[in-house]
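The values are calculated or read from the model by the stated rules, or taken from the named source; none is laboratory data. Source: prediction; values computed, not measured. Positions of Cβ are generated from backbone atoms using ideal geometry, with glycine treated the same way; all protein chains shown enter the neighbour counts.
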Amino acid sequence: MFVYTHSGPTPNGTGPARFWGEVVQRTLALGESVASSEGPLLAIDLRLRPGGSKSPLAQAWPAARDYYLGRGPGEGARPFERIALQKARPVTGEGPDTAILTAELTDLLYGHDSWEVLRDEVETMRRRQIAQAEARDLKRSRGGLATIELGAGALALAHGAERPALHEANTAHLLDALEREGLLAPRWHRALRTAYGFLRRAILRLRALTWHPSPIVPAGAGARPLALALGYQDVGEGLAEEHFIEELDFHRSEVAAWLEELLQS
């Protein structure tokens with residue numbers, strides 16, 4: 001999401017809402033094949049911004065903060081939106097502003113939702129994502145990357161108020177913190193860490209091959225370029241893409257089994 005903190009004059013003399021809205025529009029255009037001196041940009045998805053698709057592309061931080069806290073006009077954020085926000089971190093801006101945002105993000109995230117509420121939210125979200133996902137979707141299918149991100153994020157939000165070590169936006173590091181805090185058994189930590197690395201690497205390699213953000217592995221022989229790029233080889237009568245799919249299915253089954261156990265806790 002794009003937020004701004006200054007309400008004063010802008011470089012072009014317009015108000016901050018209009019100025020930053022135009023900046024965001026130009027940024028989004030770089031992800032839609034608009035050329036720039038620094039090359040193309042992958043598409044940016046802003047559907048999870050505060051207020052959803054009907055809200056401004058760029059928002060004043062106080063308004064965004066109130067949305068996540070359930071204050072101000074209209075409906076407040078759902079728990080799953082706070083789970084998604086758990087991965088947020090400032091990527092640009094002036095030093096003092098980013099420090100303030102980081103501190104206030106912590107206040108927004110932790111201690112607002114019980115584990116029971118978050119658990120039900122994760123179950124609902126995963127059921128919806130799986131129903132809409134294709135079988136080869138590395139992110140949204142059963143046992144895909146989103147399973148790890150949602151489950152780990154929900155655990156962090158439920159326990160982060162009293163455990164600052166869980167204030168971690170990087171999912172791999174968060175898995176480590178959850179194990180250290182006794183919230184993730186060593187068996188599941190090994191399985192999830194391995195699966196997360198496998199899925200992230202596959203998604204990034206797929207993007208590099210297709211220059212498209214879709215996490216869906218092509219069917220049949222279409223998966224061969226990805227398998228070869230990941231280092232798989234034809235062995236005996238087994239093709240590289242078959243070995244890749246076999247390992248993918250194993251990791252997704254492990255992740256799905258962890259989530260099933262987590263949702264029963």
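Applying the set (1) of a type in the set (D, E, K, R); (2) without any contact (Cβ under 8 Å) to a residue 40 or more places away in the chain; (3) more than 23 Å from residue 90 (Cβ to Cβ); (4) out of contact with any His (no Cβ under 7 Å at 6 or more places or on another chain) to residue 179 leaves exactly one unmet item: (4). Filtering the range 226-234 for residues that are in a loop (DSSP other than H, G, I, E, B) and in contact with a Phe, Trp or Tyr (Cβ under 6 Å, 6 or more places away or on another chain) leaves a non-empty set.
Checking the structure you have, find out if any residue of the range 172-195 is under 18 Å from residue 135 (Cα atoms), buried (at least 19 other Cβ atoms within 10 Å of the Cβ) and at pLDDT 95 or above. Yes: the range 172-195 contains one or more residues that are under 18 Å from residue 135 (Cα atoms), buried (at least 19 other Cβ atoms within 10 Å of the Cβ) and at pLDDT 95 or above. In the range 153-171, the qualifying residues are those that are within 17 Å of residue 124 (Cβ to Cβ) and either at pLDDT below 95 or among the hydrophobic types (A, V, I, L, M, F, W, C) (or both), and the one that is surrounded by the fewest Cβ atoms within 10 Å (Cβ to Cβ) is 158.
Residue 239 falls short on exactly one of the conditions (1) under 17 Å from the mean Cα position of the chain (by Cα); (2) modelled with pLDDT of 95 or more, and that condition is (1). Of everything in the range 69-92 that is under 22 Å from residue 47 (Cβ atoms) and over 17 Å from the mean Cα position of the chain (by Cα), the residue that is modelled with the highest pLDDT is 69.
I'd like to know if the range 113-136 contains one or more residues that are crowded, with 21+ Cβ neighbours inside 10 Å, assigned to a loop (DSSP other than H, G, I, E, B) and under 18 Å from the mean Cα position of the chain (by Cα). Within the range 113-136, none of the residues are crowded, with 21+ Cβ neighbours inside 10 Å, assigned to a loop (DSSP other than H, G, I, E, B) and under 18 Å from the mean Cα position of the chain (by Cα). Scanning the range 74-87 finds one or more residues that are on the phi > 0 side of the Ramachandran plot and without any contact (Cβ under 8 Å) to a residue 40 or more places away in the chain.
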